[in-house]
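Enquirer: I have a structure here, written as structure tokens, and I will follow up with some questions on it.
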Amino acid sequence: MLGDSITAGYGLPAAQALPNQLHLALAKLGVPNVVRAAGVSGDTTAGGVSRVDFSVQKDTDLAIVALGANDLLQGLDPKATRANLDRILKRLEARRIPALLTGIVAPVEIGGAYARDYNAIFPALAKAHHAPLYPNLVEGVARIPALNQADGIHPNARGAQIIAAKLAPVVAKALTSRRP
């Protein structure tokens, strides 16, 4: 999982963090797996570009790219976010590592044009790179106080479990479709 604080498990013990919860959810589906946490708190897509080659190991069967939330929080230009994610996906393709792209949906309060441009990034890149898309990593958890830490941004242990349970079938399908 190449990502930011959500994939790094910000504020949670490793056992409760998203990577381990995804591992458990995949195992529950009967999918043998090792989920490697390659999340860095505060990371933007530019940071992901700079570390994709060393953060994603060569024996990776599927890279889950979960970046862009900090670009959104910082109000970075959606064109730059798109270009960075495109570079990440191209680097993974060059290494013959398939990717699953996860998005984050911009809240309407951020502004119509910005939200529209930002929200268009993930489906367009998934289509261009023939990569599976999980449209909103925090679907069903965002803005629900009982599922987030006190900061209102990062999922708590229950929130991480919910994200993992929703993401696991998509990951399982992507893994199955990539195997010969």
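Enquirer: Would you tally the residues in region 153-179 being touching a strand residue (DSSP E or B) at 6+ places or on another chain (Cβ under 7 Å) and either on the phi > 0 side of the Ramachandran plot or not in a helix (DSSP H, G or I) (or both)?
Expert: Qualifying residue count, region 153-179: 3.
Enquirer: Considering (1) under 28 Å from residue 23 (Cα atoms); (2) surrounded by fewer than 22 Cβ atoms within 10 Å (Cβ to Cβ); (3) of a type outside the set (Lys, Arg), say which one residue 70 fails and leave the rest.
Expert: So residue 70 meets the others, but not (2).
Residues checked against (1) within 23 Å of residue 140 (Cβ to Cβ); (2) of a type in the set (Val, Ile, Thr); (3) crowded, with 21+ Cβ neighbours inside 10 Å:
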| position | (1), (2), (3) |
| --- | --- |
| 8 | yes, no, yes |
| 43 | no, no, yes |
| 86 | no, no, no |
| 92 | no, no, yes |
| 102 | yes, yes, yes |
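Enquirer: Quick test of your reading of the structure: residue 137 fulfils all but one of (1) modelled with pLDDT of 95 or more; (2) over 15 Å from residue 65 (Cβ atoms). Name the failing condition by number.
Expert: Of everything listed in (1) modelled with pLDDT of 95 or more; (2) over 15 Å from residue 65 (Cβ atoms), residue 137 misses just condition (2).
Enquirer: Among 26, 62, which is in contact with a strand residue (DSSP E or B) (Cβ under 8 Å, 6 or more places away or on another chain), surrounded by 17 or more Cβ atoms within 10 Å (Cβ to Cβ) and at pLDDT 95 or above? Lay out the reasoning, then the answer.
Expert: Numbers: 26 fails: in contact with a strand residue (DSSP E or B) (Cβ under 8 Å, 6 or more places away or on another chain).
Every option except 62 fails the conditions.
Conditions tested, residue by residue: (1) closer than 28 Å to residue 116 by Cα; (2) touching a residue at least 12 places away in the same chain (Cβ under 8 Å); (3) touching a Leu at 6+ places or on another chain (Cβ under 6 Å).
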position	(1), (2), (3)
20	no, yes, no
28	no, yes, no
32	no, no, no
42	yes, yes, no
57	no, yes, no
65	yes, yes, yes
89	yes, yes, no
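The values are calculated or read from the model by the stated rules, or taken from the named source; none is laboratory data. Please read these numbers as outputs of a predicted model, since none were measured by experiment. Every residue, glycine as well, gets a Cβ built from its backbone with ideal geometry; the counts of neighbours run over all protein chains shown.
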